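Computed from the coordinates by the stated procedures, all read-outs in this text should not be read as laboratory data. For clarity, every value in this text was computed on a predicted model and none was experimentally measured. With ideal geometry, Cβ positions are generated from the backbone for all residues, glycine too; neighbour counts draw on all protein chains shown.
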Amino acid sequence: MAYPEDYPDDLTKAKTSGYLHKHMIVLVDPATGLPYAGGLPPAAGAAVVPADHPGFRTSRWYPTYESMSSAAIPAFTVDTINVYPWQLRARMTVTQMLLRVTTPAGTTSNWKGAVYGNSASLALPVGPPLLVNNTGVATTTIDTNSALAVSGILEPGIVWIAQKHNGAPYPTIVCMSGTSFAIAGLTGKTNGVSLASGTYGMRAPDLYANAFPTLTGAEVWTDFGAGLPVIWLGT
């Protein structure tokens, strides 16, 4: 019979024998619940699929808001950056950002998009954009997916979806709707009297003409109580 002490420094032999040395640490793959083959996780850069998400397929679209939506005219304030958090559960290679225009309202409306990282200490978006398109694209064609080209890899964790719009009046866009707490569960609410209503994100002053800024955490954010357009990420 083999004993753990027979293999004090050899994880593979110890596992094969059915025993582990009392001082060994076994690294477990969260996707399978089993030890990693060879005892170590995949090399840096390799995709690790978590147990609560199947991973992202190529050439598909994924919504960054996973609750009720409906066509509405967003109640934007002119020259603001609008953000909401999303829990990304697996590594994602992103090539596009998209929103859905259902009814255009003018000939001059446009939008820009970005994705920011999260500060765990502030619970706010911080730093330069992880993904960004500062050129923008029109939102003036009926029943159209208005897509922006971006390029980058997002790692699992909380990310902040950012958008800026211009033009007046704004078009009708597929937006968050209903009394959903999908966003409030991540941002919290400041007004206990209005707990029955949803919170859909935050906004801060920023000129549409400007490039998306590097965020410091010192921005003055205001809760956004009306539905923001739902942004999809394309792979």
- What ranking of THR190, THR139 emerges when the number of other C-beta atoms within 10 Å of each C-beta is taken as an exposure proxy, fewest first? THR190, THR139
- Task: Within the set of other residues whose C-beta is less than 13 Å from the C-beta of ILE161, count the net charge using Lys and Arg as +1 and Asp and Glu as -1.
- Result: +2
- Global geometry of the stretch 94-235, whether rounded, prolate or oblate, following the gyration tensor of its Cα atoms and the 1.5 cut on a/c: oblate
- Under 16 Å by backbone N from the virtual spin label 7 Å along Cα-to-Cβ at ALA168, the residues of the stretch 201-226 are 206-209
- Task: Would you mind calculating the gained length between THR216 and SER67 on full extension (0.36 nm times residue separation, minus the Cα-Cα distance), in nm to one decimal?
- Result: 50.7 nm
- Query: Which of MET202, MET97, MET68 comes first, and how do the rest follow, when ranked by fewest Cβ neighbours within 10 Å?
  - Reply: MET68, MET202, MET97
- Message: What distance in nm separates the two pseudo spin-label positions at ILE158 and ALA120, each 7 Å out from Cα along the beta-carbon direction?
- Response: 1.1 nm
- Message: Which of VAL78, VAL132 has the fewest other C-beta atoms within 10 Å, and how do the rest follow up to the most?
- Response: VAL78, VAL132
